[in-house]
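Quick notes on the structure that follows.
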Amino acid sequence: MDPEIEQERRFEAERQFARALGRGRLAPLAALLRGGGAGLPALEEVRRVLRPTAERYAGMQTVAVEKIVGSEGRADDFDRAFRPRRRHLARRWMSVLLAHLGAVELPAVRLYEIGGVYLVRDGNHRVSVARHRGVRFLDAEVTSLATDVPLDPRMSVDDMRRAVLERE
């Protein structure tokens, strides 16, 4: 590839990461003003609240990006809209963006499904870049966690607690 074009793409990736990072860092303030939570629900918290009764492999699926609402182990790194909140994410995030810009096919993300929403097992940066670029669907390898509590993508962990109490 032409080095000048490659340099342009890197500059564009840095610019887009800086914009996403800025918005991700402002998210807690905006959420505070709206009265909601800014962070991603962590899988550990969701498991504690919903107490899933079983786990099964659900296979490859096409998943709406808007239904991906949480993360296993990386919940503090991204805001509720999967925008990066930490500078150390730059290198990996930009490499995923450059793959998108170069039309490189990336592997499917790995997700947990619970109550109709999804949490990331592997692929947080891919989900973040997909949301940033307006991608509506991703291929995913899904493991389903059984619960009787239907969830909405806008729910916080506190909302999930209330839903469990109402269900009981």
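The values are calculated or read from the model by the stated rules, or taken from the named source; none is laboratory data. Since this is a predicted model, take the numbers as computed values, not measurements. For neighbour counting, all protein chains shown are included, and Cβ atoms are generated from backbone atoms with ideal geometry for every residue, glycine included. Keep in mind that these areas ignore ligands, DNA and RNA; they rest on the heavy atoms of the full protein, side chains included. Shrake-Rupley method; radii C 1.70, N 1.55, O 1.52, S 1.80 Å.
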GNM flexibility winner over the chain from Gly39, Gly22, Gly70 (Cα, springs under 10 Å): Gly22
Of every hundred units of 1.4 Å-probe accessible area on the chain, the number belonging to carbon and sulfur atoms, as a percent, is 48
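Going by average Cβ neighbours within 10 Å, how do the peptides 43-54, 81-92 rank, with the highest at the top? Each step should come with its number before you reach the end.
Details: 43-54: 15.6, 81-92: 17.5.
Result, highest mean first: 81-92, 43-54.
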Eigenvalues of the alpha-carbon gyration tensor of the chain, times 5 and square-rooted, give semi-axes in Å, largest first, of 31, 19, 11
Could you provide, to the nearest whole Å², the per residue accessible area of the chain with probe 1.4 Å? 57
Before rounding to the nearest 500, sum -39500 (n - 2.57) across all DSSP H runs of length at least 4 in the chain and divide by the residue total; then give [θ] at 222 nm in deg cm²/dmol. -14000 deg cm²/dmol
The FRET efficiency for Glu105 and Ala146, from their Cβ-Cβ distance with R0 = 30 Å and rounded to 0.05, is 0.40
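Want the number for Gln7 to Arg136: 0.36 nm per residue separation, take away the alpha-carbon distance, what's left? Intermediate results must be reported in sequence, preceding the final value.
Values: separation 129, 0.36 × 129 = 46.44 nm, distance 2.82 nm.
Full extension from Gln7 to Arg136 adds 43.6 nm.
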For a label point 7 Å from the Cα of Met60 along Cα→C-beta, name the residues of the stretch 135-153 whose backbone N is under 20 Å from it. 136-144
